[in-house]
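Below is one structure, written out as structure tokens; comments come after it.
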Number of protein chains: 4
Amino acid sequence: MALALIVGVGDGLSASLARKLAARGYSLILAARDTGKLEGLAGETGATTVQCDAALSEDMDRLFEEVDAGSEDLAVAIYNPSARTKGALVDLDPTTVRTALDVTAFGAFLMAQQAARRMVRRQSGTILFTGASAGVKGFPRSAPFAMGKFALRGLAQSMARELHPQGVHVGHVVVDGSIGPAGGGSQSTNVNPDAQLDPDAIAETYLSLIDQPRSAWAWEIELRPWVETF
Amino acid sequence: MALALIVGVGDGLSASLARKLAARGYSLILAARDTGKLEGLAGETGATTVQCDAALSEDMDRLFEEVDAGSEDLAVAIYNPSARTKGALVDLDPTTVRTALDVTAFGAFLMAQQAARRMVRRQSGTILFTGASAGVKGFPRSAPFAMGKFALRGLAQSMARELHPQGVHVGHVVVDGSIGPAGGGSQSTNVNPDAQLDPDAIAETYLSLIDQPRSAWAWEIELRPWVETF
Amino acid sequence: MALALIVGVGDGLSASLARKLAARGYSLILAARDTGKLEGLAGETGATTVQCDAALSEDMDRLFEEVDAGSEDLAVAIYNPSARTKGALVDLDPTTVRTALDVTAFGAFLMAQQAARRMVRRQSGTILFTGASAGVKGFPRSAPFAMGKFALRGLAQSMARELHPQGVHVGHVVVDGSIGPAGGGSQSTNVNPDAQLDPDAIAETYLSLIDQPRSAWAWEIELRPWVETF
Amino acid sequence: MALALIVGVGDGLSASLARKLAARGYSLILAARDTGKLEGLAGETGATTVQCDAALSEDMDRLFEEVDAGSEDLAVAIYNPSARTKGALVDLDPTTVRTALDVTAFGAFLMAQQAARRMVRRQSGTILFTGASAGVKGFPRSAPFAMGKFALRGLAQSMARELHPQGVHVGHVVVDGSIGPAGGGSQSTNVNPDAQLDPDAIAETYLSLIDQPRSAWAWEIELRPWVETF
């Protein structure tokens, strides 16, 4: 079959994506800064895990050596990581702003460039970015997150205009809200489960983007729970 | 099963939608100003056809009497009609502007209100509008189309914010480009088939919106062919 | 000097505009459905008043006969009227939706077309529309206002793309918030005066758009009070 | 009077801004990586020049020591620098992407934070960012510029929401097109002077933002030449 790469695995969305892609027959590579926590998911999905700090060129290079090690073509590449710091603008530590740009946007570029090199050659493949409402609306006391997610959206939009005519599909999924447990039903008693996104539900939209025929491609889609005001 | 209503049937997209919805087991009502041309499609999909000028309240009322005549719940309502006139602003006949607003936006309201009345009661159902890039970008020499499609988008966005928390899913599909024949392969020798949207491909996205769990709803998605510059 | 036309006079913004334009030496025509209330302002600014239902072609034609009656060129045309109805979508009277489209958008087209005919000839002039945040964001329980103001924005954007290269400046001013009394200082004790826009402050931005050299034109600007969340 | 700071001086826009602010009576500090080229402008406007690499925290700290050295309050702070690299995504040197983020967005944060600390205290002041159409539309073969300018816009929007209620005005000016010589009249014979923005015309809009009463603040304005298609 084909290979799917997920960078930034750990939270519920990545796990849902991994399970759904595995169920479709994709071979999987899961990359994370801390691969220790991925053992269960890797066992369940037959995935290879790779330790990788996404904002470091050398780590990303090493990850793609792993991608090239197998015989399967890279069909899907998904980028999830982000860094955020909340706080009054005047109080922010500048290093957290730089980290936000590095982890949220620069790492996305590093993965996307490597993935694009392999996909453009075959005029085929899908690159997906996990965005946030902070990428379309800059919230107060959240400048670093806004900067990182806006930059990510700019990358995705520029890539869509550049790579779509080369046969590579680029998608930016704006996740508006907090992600709850798969299957719904938050454990926490002070969270309204209807106010959270079920990661399995989000993952379905990722799959539908992967499935889109190139005659009618979307480059962006915004998802939020039915009860969410926006 | 359940009932699906398509208003503004005739072009390739409506026919693709009708076939895919019928294949899923929906009962169908197809409404058009001229139902003569729908006989083949109606026969193929088992649909009921209703003559209806979408911008006329009384026609829309009559159409929904037909919707209520059966025993099935209205699960899906899709609005397609639009009117456009190209030309320099200074040369436009004001009546064409009014018609554009009526057919593209006011008729959409009429259908959406009737559909919403039935869906809100059951806290369930999907209302979809066929938009255009003219609804997000006002092109020169095309003021009437811009006015109509912007108004349609305003309706859809207002409805999404109002009806999502009531369990009714509202979607606005921005179709960016001209729609070619189903299955691709334009008959015309001077059209690049890659530059047209395959109506079957568009219809797949309508279905994926209908399928979205309410935990992760999109209210808008933009579709264009892979080779389209934007 | 030159002539300035303001359609939809009555509220504080129109009066501020009239005073500031008169102070700059423009001759003024003020149009409103009810001109009775304009006597004071007309006296103060030396304006001619014309009774006009902006959504009626024949009224708009008559208004522009008045525009042509003098010897001055039409340099500025401003459109303010809008109609809104609040309420649940399912409860709206369809006639209020049609009225909202007519007053907010169709009347704007009627004025803009007549103004453009006179300005394109001279490759000079400014046409300004008073928008609202409802034109960029569709609020719940406010579908008619969203439809009208979105349509108005589509008109303005289409016109900007078409008429700017012909030397006619088109501007859409998004007023986000309620307009208080000129000079600030709300009479009402339960309104925070900081939360309202001073019409004199808004009018200053209209003037700055009129003043922009064509080398650096804006087609849209959003205004809100400093304390307004958005 | 009051102090105005311009970071990233050199091109025509900064010089126009410096001249117009000086003419209004502001004391000026002009910061640039290479201050050698600023001698003439500094002499003409009575400005102090400071050598500063805007993306370096220590340089920015040193610049604001200079700001604090005088007795005047910082009333205006303007950030202009940007870095761009054109080219196919697959061919880009990752270091140019990081530089684009650093110069275009991170440096803007550094200046804005320091300026905000001084302005929030007095609940007064204006911070302006020079944006580009690349910040609202990601162009192909221009990913680094898109990333940097999108991030800048995210910063500006987040700051506007956070600082406006604290009395500090934040503005993002989208300059759409190339900037020609002040006063128009391009020297080059193969440039249409109408297709370029006159920096004096752009600077007028910066001044009008500085002048806006807080009752009606804009946080963004887009400027382009009248003949520019968009």
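The values are calculated or read from the model by the stated rules, or taken from the named source; none is laboratory data. On a predicted model such as this, the values are computed, not experimentally measured, just so you know. Cβ coordinates were reconstructed from backbone atoms using ideal geometry, including for glycine residues, and neighbour counts include every protein chain displayed.
Tell me the residue from B:118, B:84 that is within 13 Å of chain C (Cβ to nearest Cβ) and in contact (Cβ under 8 Å) with a residue 60 or more places away in the chain, please.
On inspection, the qualifying residue turns out to be B:84.
In region A:142-156, which residues are under 10 Å from residue A:84 (Cβ atoms) and without any contact (Cβ under 8 Å) to a residue 24 or more places away in the chain?
The one that is under 10 Å from residue A:84 (Cβ atoms) and without any contact (Cβ under 8 Å) to a residue 24 or more places away in the chain: A:146.
Any idea how many residues of region B:48-86 are farther than 23 Å from residue C:154 by Cα, part of a loop (DSSP other than H, G, I, E, B) and among the charged types (D, E, K, R)?
Looking only at that region, the number is 3.
Of all residues in region A:118-141, which are farther than 21 Å from residue A:212 by Cα, surrounded by fewer than 24 Cβ atoms within 10 Å (Cβ to Cβ) and more than 16 Å from the chain's Cα centre (by Cα)?
A:136, A:137, A:139, A:140, A:141
Here is a list: A:88, A:100, A:132, A:156. Which entry is out of contact with any Lys or Arg (no Cβ under 8 Å at 6 or more places or on another chain) and modelled with pLDDT of 95 or more?
A:156
Just the residues that are among the hydroxyl-bearing types (Ser, Thr, Tyr) and closer than 20 Å to residue B:109 by Cβ, please, taken from region B:138-195.
Within region B:138-195, just B:158 meets the criteria.
Restricting to region D:210-230, and then to whatever is in contact (Cβ under 8 Å) with a residue 12 or more places away in the chain, facing chain C (nearest Cβ under 9 Å) and among the hydrophobic types (A, V, I, L, M, F, W, C), can you tell me which residue is farthest from residue D:133 (Cα to Cα)?
Of everything passing the filter in region D:210-230, D:217 is farthest from residue D:133 (Cα to Cα).
Taking region C:32-47 as the search range and keeping residues that are of a type in the set (Asp, Glu) and outside any loop (DSSP other than H, G, I, E, B), which one is surrounded by the fewest Cβ atoms within 10 Å (Cβ to Cβ)?
For region C:32-47, the residue satisfying everything is C:39.
Quick check: is even one residue across region C:197-209 of a type outside the set (Gly, Ala, Ser) and within 14 Å of chain B (Cβ to nearest Cβ)?
No, region C:197-209 has no match at all.
Let me spell it out: the conditions are (1) assigned to a helix (DSSP H, G or I); (2) in contact (Cβ under 8 Å) with a residue 40 or more places away in the chain; (3) surrounded by fewer than 22 Cβ atoms within 10 Å (Cβ to Cβ), and residue A:104 meets all of them except one. Which number is the exception?
Every listed condition holds for residue A:104 apart from (3).
Could you tell me whether region D:118-132 includes any residue that is within 14 Å of residue A:155 (Cα to Cα) and touching a helix residue (DSSP H, G or I) at 6+ places or on another chain (Cβ under 6 Å)?
The answer is no; no qualifying residue exists.
As an exercise: evaluate residue A:153 against (1) more than 7 Å from every other protein chain (Cβ to nearest Cβ); (2) within 13 Å of the chain's Cα centre (by Cα); (3) closer than 22 Å to residue A:205 by Cβ; (4) crowded, with 24+ Cβ neighbours inside 10 Å and give the number of the one condition it does not meet.
(1)
Conditions tested, residue by residue: (1) under 25 Å from residue C:205 (Cα atoms); (2) of a type outside the set (D, E, K, R).
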position	(1), (2)
C:39	no, no
C:59	no, no
C:63	no, yes
C:74	yes, yes
C:85	no, yes
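Just to be sure, is residue A:215 surrounded by fewer than 21 Cβ atoms within 10 Å (Cβ to Cβ) and among the hydroxyl-bearing types (Ser, Thr, Tyr)?
Answer is no for this residue.
Which of the residues belonging to region A:1-20 are in a loop (DSSP other than H, G, I, E, B) and either under 12 Å from the mean Cα position of the chain (by Cα) or modelled with pLDDT under 95 (or both)?
A:1, A:8, A:9, A:10, A:11
Among the residues of region B:91-115, which ones are facing chain C (nearest Cβ under 7 Å) and within 16 Å of residue B:147 (Cβ to Cβ)?
The answer is B:92, B:94, B:97, B:98, B:101, B:105, B:106, B:109.
Given the conditions (1) within 7 Å of chain B (Cβ to nearest Cβ); (2) modelled with pLDDT under 95, report the number of the one that residue C:185 does not fulfil.
With respect to (1) within 7 Å of chain B (Cβ to nearest Cβ); (2) modelled with pLDDT under 95, residue C:185 is out only on (1).
Within region B:142-149, is there a residue that is surrounded by fewer than 23 Cβ atoms within 10 Å (Cβ to Cβ), closer than 23 Å to residue C:141 by Cβ and within 14 Å of chain C (Cβ to nearest Cβ)?
Checked against the condition, which is being surrounded by fewer than 23 Cβ atoms within 10 Å (Cβ to Cβ), closer than 23 Å to residue C:141 by Cβ and within 14 Å of chain C (Cβ to nearest Cβ), region B:142-149 yields no hits at all.
Which residue pairs have Cβ atoms under 6 Å apart, sit 6 or more places apart or on different chains, and have a first residue in region C:157-181 that is more than 14 Å from chain B (Cβ to nearest Cβ) and in contact (Cβ under 8 Å) with a residue 24 or more places away in the chain and a second that is part of a loop (DSSP other than H, G, I, E, B) and surrounded by fewer than 22 Cβ atoms within 10 Å (Cβ to Cβ)?
C:177/C:228; C:180/C:186
Checking residue B:149 against (1) in contact with a strand residue (DSSP E or B) (Cβ under 6 Å, 6 or more places away or on another chain); (2) at positive phi, only one condition comes out false. Which one?
(2)
Touching a residue at least 40 places away in the same chain (Cβ under 8 Å), within 14 Å of chain A (Cβ to nearest Cβ) and of a type in the set (Phe, Trp, Tyr): is that true of residue D:139 in this structure?
So residue D:139 fails the test.
Mind listing just one residue for me: the one in region D:4-15 that is surrounded by fewer than 22 Cβ atoms within 10 Å (Cβ to Cβ) and in contact (Cβ under 8 Å) with a residue 60 or more places away in the chain and, of those, farthest from residue D:107 (Cα to Cα)?
Across region D:4-15, the extreme among qualifying residues is D:12.
Looking at region C:49-74 only, could you name the residues that are surrounded by fewer than 19 Cβ atoms within 10 Å (Cβ to Cβ) and either modelled with pLDDT under 95 or β-branched (Val, Ile, Thr) (or both)?
Matches in region C:49-74: C:70, C:71.
If you check residue A:25 against the conditions, is it free of Cβ contacts under 8 Å to residues at least 24 places away in the same chain and either in contact with a Cys (Cβ under 7 Å, 6 or more places away or on another chain) or over 30 Å from residue D:54 (Cβ atoms) (or both)?
Here the answer is no, as residue A:25 does not meet what is asked.
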